[in-house]
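Everything on this sheet refers to the single structure shown next.
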Amino acid sequence: MSAADVQAVIGSPANFELLVMQLLSADNTGRKQAEAVYEALKAHADPCLTLLLRCLRSSEKVESRSFCAIMLRKALTQNEPNLWTQCSPQMQAALKTELMAALVEEQQRSVVHKVCDTVSELAADCLDKGTWPEVLPALQELATSPNPAAVEAGLLIIANLASYSTDHMRPHLAGLQPLLGNCLNHAAIDVQVAALHACCNFINALDDPREREAFQPMLVPMLAALGRCLTAGDESSAQDVLELLIEVAESYPKFLRKHLTELVSAMMQIATASQLEPPTRSLAAECLVTLAEARDKAPGMVRRLPHFVGGLFEALMAFLLDVEDEPDWHRGDTDAHEDDGAGELFDGGQEFLDRVAIALGGRALVPAAGQLLPVWLADGDWRKRHAALICLAQIAEGCEKLMAEQVEGLVGMCLSGLRDTHPKVRWASCQALGQMCTDLGPELQTKCGGAVLPALLAAMDDFANPRVQAHAAAAVVNFSEGCESDTMAPHLDALIAKLLTLLQQGKKIVQEGALTALASVADCAQEQFVRYYDAVMPLLSQILHNAQNKEHRLLRAKALDC
């Protein structure tokens with residue numbers, strides 16, 4: 001790269017656009033050469049910024065305009081030293097004028113959004129230095145334009161400045177609040193969402209509760225805007241709105257108190273609407289769970305709402321029905337297919353139940369579970385039986401004290417599941433038993449060990465379903481870790497014989513599970529394991545010697561650990 005290369009670009013907008021295309025190229029060699037030229041070009045602040053601005057404003061290629069908006073933001077606000085401080089006052093004035101004009105005149109919405117980011121960061125820097133005071137009146141004027149795209153652009157920048165430059169925005173709140181209220185009722189959904197974005201950013205950024213309270217009248221229109229997004233089928237915008245409301249619920253849950261009934265009702269409707277996309281429903285559930293977790297900032301707020309706990313619990317249980325019976329799961333060749341059939345809602349439902357149980361505790365959640373789970377366990381749909389058992393596993397930690405009082409009945413539910421005709425239900429029973437052994441032990445092992453271990457041994461005989469076998473072995477690990485050696489002693493003969501059988505006859509995932517269980521049982525049995533040593537050690541040595549293939553590395557590692 002030579003000085004002539006740089007001058008050739010400076011002297012020709014066409015050459016600069018070619019440089020931009022090279023910067024966007026997938027060809028590494030050409031792109032690196034272009035990057036070297038661009039880095040040298042930045043030493044000439046005014047020409048470099050002029051070319052970027054001209055390309056942004058006049059290129060026929062959307063990708064070039066978009067890229068130049070990004071490069072302008074980086075050059076003006078992020079590079080050290082940035083070109084804003086290096087360029088002339090005339091260049092600064094031209095940048096302000098042209099960037100604001102681009103917000104109105106650019107036809108591609110994605111490019112406008114990138115220009116909004118550039119203006120937002122530049123304005124924040126300039127407001128700190130007192131060098132662009134006219135930007136705020138200009139943004140308010142944009143937000144009252146008859147052009148919806150211009151209104152959206154102005155609001156997006158106001159939203160960003162609410163976060164970036166809160167102190168500079170504070171004197172303008174009295175004028176902005178009615179403006180934002182009007183925009184929440186605008187005919188264009190994009191404008192409504194941008195106004196909502198600005199409201200939420202102000203709520204999150206303002207430290208003074210009195211200033212936040214001034215946005216209280218906005219909450220019902222904000223929920224109405226969310227409803228309009230969904231009615232119009234614009235779930236992408238609805239998801240943006242939900243994410244913003246979640247931030248408010250996390251930061252200032254008390255702000256939502258006056259309209260909590262309306263908010264919770266809206267979120268429940270969305271979370272339970274089967275026609276909506278899983279991410280939309282999951283975000284509504286996230287908002288409800290976030291409110292449930294607000295114990296420190298708003299103690300007892302949601303618990304006082306009638307039917308909140310029961311409604312949320314039923315909604316999350318419905319998420320667990322997002323599971324299918326995939327053939328690959330049944331083959332059980334490897335761990336790779338263990339999650340096959342589990343949908344997006346299923347994974348989210350598990351996490352949410354765990355969090356809600358920890359947040360609300362057993363006294364709130366166990367009564368709701370006690371009503372629903374027995375009904376689902378008796379249902380003809382295997383997915384409901386499966387969901388009930390998965391639920392027990394998820395809520396055990398948060399509801400530990402109350403569930404410990406009912407441990408025999410809960411174990412009975414799991415033992416019934418182990419006798420189910422559907423393998424996935426049996427697998428879920430092993431999951432529930434294992435998790436409850438961890439969370440409700442050692443009381444569970446002491447009270448119910450005589451029933452649990454024989455049932456798990458029977459599950460290990462299910463050679464037609466290796467995943468069930470492996471998961472039964474995993475449950476034995478949980479049982480052993482919270483078990484006294486005297487509780488384990490009566491079952492050692494049968495248990496070790498079964499695990500040795502699995503080591504010799506089971507599929508690889510079953511062998512791996514059996515090794516982990518064998519190690520855990522030995523650790524629990526202590527000196528009582530001595531009499532099994534001569535039978536076990538040659539088999540472990542044989543695995544170490546013979547399992548040499550790459551796919552058997554984990555098996556060898558578990559044998560070594562054992």
* Degrees between helix 260-271 axis and first principal axis of the chain (Cα, 0 to 90, nearest 10) -> 70 degrees
* How much length is gained if the chain between Ala464 and His307 is pulled fully straight, taking 0.36 nm per residue apart and subtracting their Cα-Cα distance, in nm to one decimal? -> 52.2 nm
* To do: May I ask you to derive the FRET efficiency for Arg553 and Tyr533 from their Cβ-Cβ distance with R0 = 30 Å, giving the value to the nearest 0.05?
  => 0.70
* Starting from the residue with the highest accessible area, list Leu23, Leu196 in decreasing order, probe 1.4 Å. => Leu23, Leu196
* Structure fact -> Under 11 Å by backbone N from the virtual spin label 7 Å along Cα-to-Cβ at Glu397, the residues of region 438-477 are 439
* Heavy-atom accessible area order for Thr487, Thr85, largest first, 1.4 Å probe -> Thr85, Thr487
* Asked: So for region 35-179, what percent of the C-alpha to C-alpha distances run longer than 24 Å?
  -> 29 percent
* To do: Using amide H atoms built 1.01 Å from N in the peptide plane, name the residues 5+ places from Val323, or on other chains, whose amide H lies under 5 Å from its own.
  => Gly343
* What does the charge dipole of the chain about its Cα centre add up to, to the nearest 20 debye, if the Cβ of each Lys and Arg holds +1 and the Cβ of each Asp and Glu holds -1? -> 380 debye
* Structure fact -> Cα gyration tensor of the chain diagonalised, 5x eigenvalues square-rooted, in angstrom largest first, produces semi-axes 59, 33, 19
* Accessible surface of region 355-442 [probe 1.4 Å, protein heavy atoms]: carbon and sulfur percent -> 51 percent
* To do: Kindly give the semi-axes, whole Å and largest first, of the ellipsoid equivalent to region 405-508, taking each as the square root of 5 times a Cα gyration tensor eigenvalue.
  => 20, 17, 10
* Which value, in Å² rounded to 10, gives the accessible area of Cys68 with a 1.4 Å probe and all protein chains present? -> 0 Å²
* Asked: Taking the alpha-carbon set of region 399-447, what are its Rg and Dmax in Å?
  -> 10.7, 32
* Structure fact -> With Cα coordinates, the longest principal axis of the chain makes an angle with the long axis of helix 62-73, in degrees rounded to 10, of 90 degrees
* Asked: Can you put Lys447, Lys424 in order of accessible area, largest first, using a 1.4 Å probe?
  -> Lys447, Lys424
* **region 106-135 residues near the modelled Thr97 label - backbone nitrogen below 18 Å, point 7 Å along Cα→Cβ** => 106, 132-135
* To do: Note the angle between two axes, namely the Cα long axis of helix 148-164 and the longest principal axis of the Cα atoms of the chain, as a number of degrees from 0 to 90, rounded to the nearest 10.
  => 70 degrees
* Structure fact -> Computed on Cα atoms only, the convex hull of region 360-417 has an orientation-averaged projected area in nm² of 3.5 nm²
* Between their Cα atoms, which of Lys96/Lys129; Lys507/Lys550; Lys258/Lys401 are more than 22 Å away from each other? -> Lys258/Lys401
* How large is the accessible surface per residue of the chain, computed with a 1.4 Å probe and reported in Å² as a whole number? -> 43 Å²
* To do: Give me the aspartates and glutamates in straight-line cross-link reach of Lys424: C-alpha distance below 13 Å, same-chain residues under 8 apart excluded.
  => Glu324, Asp325, Glu326, Asp328, Glu338, Asp339, Asp340, Asp381, Asp462
* Computed E for Asp328/Asp207 - FRET, C-beta separation, R0 35 angstrom, nearest 0.05 -> 0.05
* Asked: Among the GluC sites (Glu not before Pro) within region 390-468, which fall in a DSSP loop and have no more than 16 other Cβ atoms within 10 Å of their own Cβ?
  -> Glu397
* Structure fact -> Gyration tensor (Cα only) of region 445-562 to equivalent ellipsoid, semi-axes in Å sorted down, yields 23, 17, 11
* **Cα-projected label distance for Asp381 with Arg54, points at 7 Å along beta-carbon direction, nm** => 6.5 nm
* Asked: For region 156-261, what is the per residue volume of the convex hull drawn over the alpha-carbon atoms, in cubic angstrom?
  -> 91 Å³
* Structure fact -> Sorting Pro442, Ala458, Met488 by the position of each Cα along the dipole of region 387-544 (Lys, Arg +1; Asp, Glu -1; all at Cβ), the one nearest the positive end of that ordering is Ala458
* To do: Among the GluC sites (Glu not before Pro) in region 1-93, which ones are in a DSSP loop with at most 13 other Cβ atoms within 10 Å of the Cβ? Mind listing them?
  => Glu60
* Structure fact -> Relative contact order in percent for region 320-408 (Cα pairs under 8 Å, 6+ apart) equals 32 percent
* Asked: Counting only the heavy atoms of the protein chains, how much of His113 is accessible to a 1.4 Å probe, in Å² to the nearest 10?
  -> 60 Å²
* Quick one: compute the contact order of the chain, relative version, from alpha carbon pairs under 8 angstrom and 6+ residues apart, as a percent. => 6 percent
* Structure fact -> Expressed in µm² per second, the diffusion coefficient of region 245-339 from the Stokes-Einstein equation, with Rh the Kirkwood radius over alpha carbon pairs, at 25 °C and 0.890 mPa s, is 165 µm²/s
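The values are calculated or read from the model by the stated rules, or taken from the named source; none is laboratory data. Computed from a predicted structure; not experimentally measured. All Cβ positions, even for glycine, are placed from backbone atoms using ideal geometry, and neighbour counts span all protein chains on display. For the accessible areas, the whole protein counts, side chains as well, though only heavy atoms, and no ligand, DNA or RNA atoms are used. Shrake-Rupley method; radii C 1.70, N 1.55, O 1.52, S 1.80 Å.
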